[in-house]
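Enquirer: The structure under discussion is supplied below as C-alpha cells; questions concerning it will follow.
The values are calculated or read from the model by the stated rules, or taken from the named source; none is laboratory data. What you are looking at is a predicted structure, and each value in this text was computed from that prediction instead of being measured. Reconstructed Cβ throughout: ideal geometry from the backbone, glycine too, with neighbour counts over all protein chains shown. The accessibility values were calculated without ligands, DNA or RNA, using every heavy atom of the protein model including side chains. Shrake-Rupley method; radii C 1.70, N 1.55, O 1.52, S 1.80 Å.
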Amino acid sequence: MSEDSNSLNFIEHIIEEDLRNGMSKDLLKFRFPPEPNGYLHIGHTKAIGISFGIGVIYNAPVNLRFDDTNPAKEEQEYVDAIKRDIAWLGYTWENELYSSDYFQQLYDWAVQLIKDGKAYVDSQSSEAIAEQKGTPTQVGVNSPFRERSVAENLDLFERMKNGEFKAGTHVLRAKIDMEDPNMLMRDPIMYRILHEHHHRTGDTWCIYPMYDWTHGESDYIEQISHSLCSLEFKPHRKLYNWFKEQVYPYSSDALPLLPKQREFARLNLSYTIMSKRKLLKLVEDGIVSGWDDPRMPTISGLRRRGYTPNAIRQFVKKVGVAKRENVIDVSLLEFCIREDLNKTAPRVMAVLNPVKVIITNYPEGKEEWLDAENNPEDRDAGYRKVPFGPELFIEREDFKEDAGKNYFRLKLDGEVRLKNAYIIKANSVLKDDHGVIQEIHCTYSEDTSRKVKGTLHWVSKIHAIEADVRIYDRLFMDENPDGHQDKDFMEFINPNSLKESLAYLEPSLKQARPGDRFQFQRLGYFCVDMDSADDKLVFNKTVGLRDSWAKQKPQKTPATPQPQRKAISVIQQLGKKYTNLPDEKRLKVRSEILELAENVTYEELEPLFATAVKKAGTRIAVMLTLGVLLKRGQKTNDTISTFVTKALQDKNELLIQEAQLLISENEGIT
C-alpha cells in the first residue's frame, strides 16, 4: 500500500505485518459469508465494506460464500436478495460459493477425526448436553458416551447420515476438553440430524454441520488468508484454530495456507433493530409490508426509500473500523444521504397539503412557463420550465389569517415570493361551512426586485399531476429499542412511522420512473417507489432537509444547580474545534448549537459576524445560529448579507454548505 501507515486501520496493519513477515501478496484472499436466512441490513454493510474494500486495496479476490447449513431457515429468495444488494452497493465478488459445496469434504474430515479419536457420537438429549457443559466458573462433565469405540462411532455416524435416526437422538461432538475455561471448547457439537429439504442439495443430506465446524473449514478449503468477522466471534477464535489445526495434516499438500481469523466491532445503529430474527417478526406480524419496506434497516428497504450506494459507502467509511463496540447515531446515516442527494437530486416543487390560491389580477387566459433551476449544486443540471397561471396550490401550513409580525409566510395583507415566479399579496379568504379555508385570494406583482422575507413553493392547479406520497419516519421511538430487559422491542414501535397523502406535483415529474430521486423544495428528498403506475406515481420520503429528531431528544438536567453560561459563549466554544471533529461528533455538536441558538439574541450574535476568516468553525457556529434567528423572525439587513456573502467566498467547504443552506431557506438574503 502506498498510504502512510498512520492512516491504516488495525486490519490493514495486520495484513501489512503479514506481508512484511514473508506472506506473498498473491496469497491474499478474503470472503463475505452471509447466512441466507433473511435480507442484509445496514449492519452488514460494514462487514461488506471491510471485506470487499480490503480486496480493492490489495487487488485481492473476495469470495461470496453462503453459509447454508441450516435448511429450516434458509430460502433461495434470501440468496437472490443478498446477491442483488451487494451488487447494488457496487461490489464484485470473485466466486459465488456455498458451504453446501463442501458437505462431502466436511463429512470425510469428520470421519477422519473419529478415526483419530478426536470426535464421538453423543446420544444424550440437548438438555443433558447443555447441563454437562458447566458454567464459566464451573468445569463441565464428560459425556457418558465420550469413550465410545472408534468402530461404534463410525457406525453410528454413517447411520446418522443415512437417515436411520430421528432428529435429536444423536449428535457428533469434537473431543477437546470439558474443563477448558472457554466453554466453546467443551466438546462442541459438529453435526446434528435435520430431516429438512435443502434449497440446493435437496434431500441428499439429513445431517448438517454446525457453524463453528463449517466456517473455519470452508475458509481453509477456499484458502482464505484473513477471515474477517465481527467481535461476537472473538471467543470462537480458539475453536476456529483448533479445528483447522486438526484437519491441516489431512490436506496440507493441497491446501498449504492456514487462514487467520480477526475481529472488528460490528455496526450498531440508534433507533434500529439489527437482529434478523426480530426483523422477520416485524414482517410476519404485519408491522411492515415486507423485508424491503422503506422503514426497515435492510439494504433493500434503504434502496426503496431512496438511499444511494454512495451514501451508504460514505457512511461506512465515516464509521471506520474499530475494535470496540459502540452505537452510531442514525443521524450520521441521514446526514450522508442528505449530503449525497444535495449534490445530485434535481429540485422540483410539490405540495403535500394543498390550499388553493387565486390570483385575482392575473390576466384572464394567460399562461406562462417560467425558468426553474434544476440543481444549484450542479452547474450542468440546467433549467426546466414550470407552468404558472391564475390558480395555484400552496401548502396549507404556509398561510395564516392572523399571524404576528414574526410570521414570514403568507398572511392576510402580507407578501411572499413564489419560488421562481412572482410576489403575491393575500387579500381575502373563502371558507366552507365549517370555517375551513378553501381559497386564498391574492394579487401579484411582476416587480420581483423588491426584498420580501418569505419564499414559498407552489404548483399550478390546472397543470399539476397527482401522486401518492408516503412520509416515513423512524420505525422505533426509543434510541435503543432492543436494550430494555423488562420491555419487548415491539413496545417502542412508532405509530406514526408512516403517513400517506395525496400530493400535487409540477408536470415535469410525469416522466419520473421508479428509483428516481428528487428534492421537493422546502420539504425534503423523495424517491419514486416501485408501486408507481403510469397513471399514478408513488413517492417515498427519503429524509428531511434537516434532522427533525434533534429537538425531540430529552435533555438531561444536572443533579445540582450549575451556574449557567450564556448560550452565545457556549456556541463560540463549540465552534472552535467544529471543523476538526469527526463527522458523527460534528453532527451532535451541530444539534447542540441549533438548540442553544434558541436562547441567543441578534444583539449578541451580530458582533461575531466580524470573526476572523481563519476561525472557520466559529463562523459556522454563527451561521447556524443566524439561521435559527431568521426562522424566529429576524429581518435581513446589509450586515447579514455581507456576512453570508463572505462565507460563500470562503475556502472551507463546511462553511460554504451552511451558507448555501441558509440562502435556500431564506431567499433574498444576498
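Enquirer: Excluding residues fewer than 8 places away in the same chain, name every one of the aspartates and glutamates whose C-alpha is closer than 12 Å to that of K115.
Expert: Reachable aspartates and glutamates: E152, D155.
Enquirer: Could you please report the charge total around T611, scoring K, R as +1 and D, E as -1 over all other residues with beta-carbon less than 12 angstrom from its beta-carbon? List each step's numbers first, then the result.
Expert: Details: positive: K576, K614, K615, R619, K646; negative: E606, D650.
That works out to +3.
Enquirer: What whole-number value in Å² describes the accessible area per residue of the stretch 602-670 for a 1.4 Å probe? Walk me through the numbers before you get to the answer.
Expert: On the way: 3280 Å² over 69 residues.
That works out to 48 Å² per residue.
Enquirer: What residues qualify as long-range amide H neighbours of S227, i.e. H under 5 Å apart, gap of 5 or more or another chain, H built at 1.01 Å from N?
Expert: K260, Q261, R262
Enquirer: When the accessible area of the chain is split by element with a 1.4 Å probe, what percent falls to carbon and sulfur? Please list the in-between numbers first.
Expert: Values: 14850 of 31540 Å².
With neighbouring chains kept in place, the figure for the chain is 47 percent.
Enquirer: Please turn the phi angles of the stretch 469-480 into ³J(HN,Hα) values with the Karplus equation 6.51 cos²θ - 1.76 cosθ + 1.60 (θ = phi - 60°), one per residue in order, whole Hz, x for glycine and proline.
Expert: Rounded to whole hertz, the list is 10, 9, 9, 9, 10, 4, 6, 10, 8, 9, 4, 10.
Enquirer: If I stretch the segment between N353 and K385 completely, what's the gain in nm (0.36 nm per residue apart, minus their alpha carbon distance), one decimal? Don't skip to the end; give the middle numbers.
Expert: Details: separation 32, 0.36 × 32 = 11.52 nm, distance 2.32 nm.
Once the chain is fully extended between N353 and K385, it gains 9.2 nm.
Enquirer: If you don't mind, there's one more thing I want to ask. For I207, enumerate residues with amide H under 5 Å from its amide H, sequence gap 5+ or separate chain, H modeled in the peptide plane.
Expert: L194
Enquirer: Once you've got the Cα coordinates, tell me which of K366/K461; K431/K461; K46/K244; K419/K451; K419/K453; K46/K238 are over 21 Å apart. Walk me through the intermediate numbers first.
Expert: On the way: K366/K461 14 Å; K431/K461 18 Å; K46/K244 26 Å; K419/K451 13 Å; K419/K453 12 Å; K46/K238 24 Å.
From K366/K461; K431/K461; K46/K244; K419/K451; K419/K453; K46/K238, over 21 Å: K46/K244; K46/K238.
Enquirer: Be a star and scan the stretch 422-466 for residues whose amide nitrogen sits under 20 Å from the point 7 Å along the Cα-to-Cβ vector of S641.
Expert: Inside the label zone: 422-424, 446-456.
Enquirer: Something else about it: Cross-link candidates for K278: which aspartates and glutamates have Cα within less than 15 Å, leaving aside residues fewer than 8 places away along the same chain?
Expert: D292, D293, D482, D488, E491
Enquirer: Another question about this same structure. For a quick size check, give me the Cα extents of the stretch 184-223 along its three principal axes, largest first, whole Å.
Expert: Taking max minus min along each principal axis of the Cα atoms, the stretch 184-223 gives 30, 27, 10 Å.
Enquirer: Restricting everything to alpha-carbon atoms, can you work out Rg to Rh for the stretch 21-175 with a Kirkwood hydrodynamic radius? Can you show the working numbers first?
Expert: On the way: Rg = 20.1 Å, Rh = 18.8 Å.
Rg/Rh: 1.07.
Enquirer: Let me ask you something else. Starting from the amide H of H441, placed 1.01 Å from N in the peptide plane, find each other amide H under 5 Å away whose residue is 5 or more places distant or on another chain.
Expert: I358, N427, S428, V429, L430
Enquirer: Further question on the same structure: Among the DSSP beta bridges whose two residues both lie in the stretch 349-457, what percent are antiparallel, rounded to the nearest 5?
Expert: Details: 22 of 31 bridges.
Around 70 percent of the beta bridges assigned by DSSP in the stretch 349-457 are antiparallel ones.
Enquirer: For the chain, what number results from the quotient of the Cα radius of gyration and 2.2 N^0.38 Å?
Expert: Values: Rg = 31.2 Å, N = 670, 2.2 N^0.38 = 26.1 Å.
Cα-based Rg divided by the globular estimate yields 1.19.
Enquirer: Quick check: residue separation of H484 and E606 times 0.36 nm, minus the Cα distance between them. What number comes out in nm? Display every interim value, and only then the final one.
Expert: On the way: separation 122, 0.36 × 122 = 43.92 nm, distance 4.64 nm.
Between H484 and E606, full extension yields an extra 39.3 nm.
Enquirer: Calculate one ³J(HN,Hα) per residue across the stretch 161-169 by plugging θ = phi - 60° into the Karplus curve 6.51 cos²θ - 1.76 cosθ + 1.60, and present them in order as whole Hz with x for glycine and proline.
Expert: Once θ is set to phi - 60°, the couplings for the stretch 161-169 become 5, 7, x, 7, 10, 6, 4, x, 7 Hz.
Enquirer: While we're here: If you build the convex hull over the alpha carbons only and average its shadow over all orientations, what do you get for the stretch 432-553? Give it in nm² to one decimal.
Expert: Working: hull surface 50.3 nm².
That works out to 12.6 nm², a quarter of the Cα hull's surface.
Enquirer: My understanding is that a pair violates if its Cα-Cα distance is over 24 Å; which of K343/K425; K411/K646; K400/K588; K133/K234 do that in this structure? Can you show the working numbers first?
Expert: On the way: K343/K425 34 Å; K411/K646 33 Å; K400/K588 34 Å; K133/K234 20 Å.
Checking Cα-Cα distances, K343/K425; K411/K646; K400/K588 exceed 24 Å.
Enquirer: What does the charge count near V150 come to, summing +1 for each Lys or Arg and -1 for each Asp or Glu among other residues with Cβ under 13 Å from its Cβ?
Expert: Numbers: positive: K115, K118, R146, R148, K175; negative: D116, E147, E152, D155, E158.
Taking every other residue near V150 into account, the sum is 0.
Enquirer: Name the aspartates and glutamates eligible as straight-distance cross-link partners of K73: C-alpha to C-alpha under 16 Å, and not fewer than 8 places from it in the same chain.
Expert: E35, E196, D203, E284
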